[in-house]
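Please read the structure below before turning to the comments.
The values are calculated or read from the model by the stated rules, or taken from the named source; none is laboratory data. All values derive from a computational prediction rather than experimental measurement. Because the Cβ atoms are built from the backbone with ideal geometry, glycine has one as well, and the counts that use them run over all protein chains shown. All accessible areas refer to the heavy atoms of the entire protein, side chains included, with ligands and DNA or RNA removed. Shrake-Rupley method; radii C 1.70, N 1.55, O 1.52, S 1.80 Å.
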Amino acid sequence: MKKLGLTIAILAMMGFAVPAMAANFAFHGDMNNRILVYSNHVDWLDARNDSFGVINDDTVSDSYAELKYRYWTEISDDDNNIKGVYAIEIGGIRWGREGSGKSQGGSFGGDGANVETRWAYLDFQVPFIERKARARMGLQPFKANSYFWQETATALHFSSIITDSVDYELAFVRSVDKFNDIADNANDDIENVDSFYGRVNFKPADDLKIGLFGLYMWGDPDNNDPADFGEIDSRDYEIKQFADEANLGVFTLGVDGSASFGNFFVNWDLMYQGGDIDDVDFFDAIPGTLRNSKNNVVPDVPAASGDFDLSAYFLHADIGYKMGKAKFTYTFWYASGDDDPNDDNFDAYLAVDVDREDSMTIFEGPFVDDVTYFTERPYMLDKGFVMNKLAFDYQWTQNLTVGTAAMYMLTAEDFEYVDGNGNNQSEDEIGVEINGFLKYKLYKNLEFALNAGYLFAGDGMDFFEQGTSRDGSSDEDIFVSSARVRFKF
Amino acid sequence: MFSSKPILGKTLVLVILMISVCMPWTTANSAVIDEIADDFEPLAGVVVMANNGEYIIDLDESKGVMIGDLFSVVTAGKKIVHPTSGKVLGSLEEVKAVLKVIRTKPGYSFARPLAKAANIKRGDTIRRYNNLPALFWDYTANGKSFFAQLRQTLPDLKWQDYESAQHNRPARPQPIPDNKDTIVFILTDRGVEVRDPEFFLLHHYGQPDALEPVSAKPSTTQKTQPRAKVAPAPLVAKPAPAESSKIGTQPQVSKETVRFKPQYERAQTIAKIAGFSVMTDFIKLRNQLLMASTDGVKIAVYDVADNLIPVAEGAPSYPGQILALKWWQPSEKGPLYLAAVSWADESVSGNIFTLDGKTLSPVQERIPRILGTFDLDGDKRPETLLGQSFDGENFFGSGIRELKLTKGKIKLFKPTISLPRRFTVLGSLFADLTGDGQLETVFIRGSILYIYNKKNRLYQSPKEMGGSLSFLTYEVDPTAKNIMPTSASFEVSPVAADLDSDGQLEVLAVASERNFIGAVAAGPGIRKSWLEVVKFREGRFVKGSLGEEMDSPLQGLMVDGKRVLFVVTAPGNITGKGRNSHLLAYQLDL
């Protein structure tokens, strides 16, 4: 045999496959340092306070810095048949804030207890199935639809494919557990809050994807005595806020998808919700009052009590065009609102648990997203929402991206209230927001970003104003700017 | 009239000036000359025995033998007899063959004959660089004095005079047709190269500084001279171990305290790649070898000859990170395409380009698939284009389609081949490795090289395969507020070639050792790389290696006849400073 040149040395080292259980270890992280550069109305953005977001007369400005770090490990076998994931979240730790818990532990010594388990789950390929068939169980990122439910949840999730163009998901999610909680009441019903979720995705072509999904959530806290009714505050109009207090039987059916035609692209979401939300008191809350009737909420009489029929819908569409380094996107969505807080219908669209970032001044657009926003949902209170947004993004260089957006926002149903002068008001205009951002890669995975937004407040914002400035017309515009330095790997 | 004293004074000043000008000149030249003298130091030995077309000689590295060294096999010719005394003064030695050292062992070395082996016999005398013709090609027009020193230093070579060699030298360095024994010394403004009769690089040295004084502008002659386009081998400055102590103890730096050596001594440098390369792909056309290279932002196409000749440039029309390149030629006489995979707008885009003069013109962009091309019929032409769907968690999804260009548009078809579930269209190939007439599927994923027959796994390598600078950190679900970044690596495709001329294909693939940083997914973290060979022998796959370990990632691979071409990219620091790439070659059949 002709000899190989140079130094080829065939070594009979590996004749057969090595055991398939060698472990892979991966470590990922997201080290996010965030700064609220300035806002003229932190009273509005401080929505997690008991009194929710309000707008006081004149400026209420502030700034702060915080950090939120997440680290997670993945351990898997060589074939990725089994994967275990564990993630922790540190903070946010606000600079200079003492104490323990969320946003604290940044004062002298910095020894607040501020570490939480973010994810902990096992993900494995179902044995004896050649095609993809993954089961995932534990505390995991869960997504049904980004306008409906997209957050961490404890679930058993299964995903597989039928053909190359059809795949599906099934999931069981437990959101509330009251195992053997008989001390709470004399009934023996299962009091947990659970959901079944199913989705089928069709991909008839590379540039077309259509998803059909449905989710049914149910739970019964056994509080059918009116004295024990759960409470829904219009400012807490999100399922995760009252799921453990209501007798739930809620379904959501949806169609979502995306398509592209050359440089054009379209995304869409359409959802309908129905079912019952029973054994609750509904409070049509007034901004500035406390969160809970038992904590002296005003008014202390519910707008309606008992059983409610849910019938709501949501629709969304993005239409965009990509042109070289530029991208134009027009976004519209409509979340139905409730026009009568005193009837026994809930007509307002209900999200389960989401984080929307579409607006700087209303949603979670600021990078300081833990506590500095009015709402995380794609709507305001139980009044629904109408979004019209035109965005322009431009990748200036390989490392620099800039963008700006203008949006005109309304609620689907009017805020109806009595102003500070005793006059009845009915307004729906949130206003026009202009915002912009800049993202610059200092290094490959280290990003500096800055954003700012200004809301030319519409008269609907008067609903949230306090004192004599609550007069039927908006008096205060809102400005917010934030920055971050983020390393992710 | 001048008095004698002023004349003496002027003469002294002149001499001092000349000395001061010539001193650094002499020293700098001497350093290069001394290095050359070391490398070409005469050595003599004998042929020990023949072995399968090669010859074993009785010299080894301890005697100073280096791979690539040329030995003249000499035989006694006519006797030199004194005309009056009749005393035999000696004999005229004749060179009957030239041997080139291909590997060394303790106590002996293997060499192969250049050109047709003459009647080399056991016991024949061999002399290093003795009695071989030598040429000096000066591309600086300032090297005549250096040539004189060279000629004086290496008197055993049969030098052609400076003017004749200059007159006959090509416009740019290139092999001499039918050259059997002539060594070529090439002086360019980047240094001195020595190439053997096959035009492979034997040595590279720094430039003799005196050729171009620092303050001197290039002469008109130099400007008009064609410049050598062959880039020198990458150099590292290393203090010679024996000399290091001298640096600490003596303020004067000896001219021998610093030695320059090629970084990859066994590989021959073909060229430095402009900028740097994170991924390359090669294709052999009838009379041309093309290399496509990307730095992650733009794509450059080169004609690979004895250097790299730029052919075309291009990039997707939208911003993004280019992750991989693959040549695609659907039909033998049809047009040539280049498939590029890029990451833009938080998703994968496939792009098809065609060579259009000096530009790469897009045929179709934003194909939402990861593209890879394959040679299924074994004619070394990648005629099959496969597109793999993107999967957020694993990057490489489960849906794979064959893509065909129909009336200028890409259409999807069900692939005709059966693929294992974890197959990836990048870092993979199909080849009949077992000789059973069926294609095996080879792919690298998670640092393991897998070989499958349809869906049956035949082989799984140790966890050391692949290792690429083409690396992406991305968010699993960009719509999620709570981001979950992960990372993916894009491997250089293994190559199937009959490396040992036994009529059966082997797999040649990149392997690497990675550090902890790689394990934590902050970057590829490649500490060293090498080429691994996997061969089917006696009913099982066995593994070996080719060449030396390198301290930088390998970003391209091809076997071109008896040459293994590969691209080495030094990754530089975190800002990218210091990144550079070289196209190197191993000769398989030395």
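When N counts the residues of the range B:428-469, how does its alpha-carbon radius of gyration compare numerically with 2.2 N^0.38 Å, as a ratio?
1.18
Which residues, if any, in the range B:539-569 lose at least 40 square angstrom of accessible heavy-atom surface (probe 1.4 Å) when the other protein chains sit next to their chain rather than the chain being alone?
Residues losing area: B:R540, B:K543, B:S545.
Return the tail of the calculated pair distribution for the range A:216-256, meaning the percent of Cα-Cα pairs more than 13 Å apart.
For the range A:216-256, the share of Cα pairs beyond 13 Å comes to 56 percent.
Quick one: 3J(HN,Hα) in Hz for the range B:476-485, Karplus 6.51/-1.76/1.60 with θ = phi - 60°, rounded, Gly and Pro as x.
4, 10, x, 7, 7, 5, 8, 5, 9, x
Does the range A:338-441 come out rounded, prolate or oblate by the C-alpha gyration tensor, with a ≥ b ≥ c the root eigenvalues, rounded set by a/c under 1.5 and, if not, prolate when a/b is larger than b/c and oblate if not?
It comes out prolate by the Cα gyration axes.
How would you classify chain A from its alpha-carbon gyration tensor, with a ≥ b ≥ c the square roots of the eigenvalues: rounded for a/c under 1.5, else prolate if a/b is greater than b/c, otherwise oblate?
It is prolate, given that a/c is not under 1.5 and a/b is the larger ratio.
Using the Cα atoms of the range B:328-428 to build a convex hull, what is its mean projected area in square nanometres?
Its average projected convex-hull area is 7.0 nm².
Quick one: 3J(HN,Hα) in Hz for the range A:79-94, Karplus 6.51/-1.76/1.60 with θ = phi - 60°, rounded, Gly and Pro as x.
3J(HN,Hα) across the range A:79-94, in whole Hz: 8, 6, 6, 10, 9, x, 10, 9, 10, 10, 10, 9, x, x, 10, 7.
How large a share of the accessible area of the protein assembly as shown, in percent, is made up of carbon and sulfur atoms when the probe is 1.4 Å and the other protein chains stay in place?
55
Taking each pair of different alpha-carbon atoms in the range B:276-383 once, compute 1/r for the pair, average those values, and report the inverse of that mean as the Kirkwood hydrodynamic radius in Å to one decimal.
13.9
Non-local amide H neighbours of B:L132 (under 5 Å, H modeled in plane, Pro and chain starts lacking H): which ones?
The list, which skips near neighbours in sequence, is B:K158.
Across the range B:446-590, how large is the tail of the calculated P(r) beyond 24 Å, expressed as a percent of all Cα pairs?
So the portion of pairs separated by more than 24 Å is 39 percent.
Tell me the per residue accessible area of the protein assembly as shown using a 1.4 Å probe; a whole number in Å² is fine.
43
Rounded to two decimals, what ratio of Rg to Rh does the range A:73-223 give with C-alpha atoms and a Kirkwood Rh?
Rg divided by Rh gives 1.08.
Amide H to amide H under 5 Å from A:N40: which residues, 5+ apart in sequence or cross-chain, H placed 1.01 Å off N in plane?
Sorted by chain and number, the residues that satisfy this are A:F479.
If I take R0 = 22 Å and measure r between the Cβ atoms of B:L472 and A:A259 in this structure, what FRET efficiency does the formula 1/(1 + (r/R0)^6) give, to the nearest 0.05?
It comes out at approximately 0.30.
Over the protein assembly as shown, what number does the Rg to Rh ratio reach, with both radii from the alpha-carbon atoms and Rh per Kirkwood?
Here the Rg-to-Rh quotient is 1.09.
Between A:E357 and A:F108, how many nm apart are label points set 7 Å from Cα along the C-beta direction?
Label at A:E357, label at A:F108, 3.7 nm between them.
Between B:V46 and B:A274, 0.36 nm times their residue separation minus their Cα-Cα distance comes to what?
Full-extension gain reported as 77.6 nm.
Just the projected area, averaged over all directions, of the convex hull on the alpha carbon atoms of the range B:46-176: how many nm²?
10.9
Please report the relative contact order for the range A:203-359, taking Cα pairs under 8 Å with a sequence separation of at least 6, and give it as a percent rounded to a whole number.
21
Taking amide H positions as placed 1.01 Å from N in the peptide plane, with prolines and chain starts having none, which residues 5 or more places from B:D391, or on another chain, fall under 5 Å of its amide H?
B:F396, B:G397
With the Cα gyration tensor of the range B:387-441 giving a ≥ b ≥ c as the square roots of its eigenvalues, does the rule (a/c under 1.5 for rounded; else a/b larger than b/c for prolate; else oblate) give rounded, prolate or oblate?
It comes out oblate by the Cα gyration axes.
Mind listing the phi-derived Karplus ³J(HN,Hα) values for the range B:72-84, rounded to whole Hz, using 6.51, -1.76 and 1.60 with θ = phi - 60°, and x for any glycine or proline?
Karplus-based 3J(HN,Hα) across the range B:72-84 equals 7, 8, 10, 9, 5, x, 5, 6, 9, 10, 5, x, 9 Hz.
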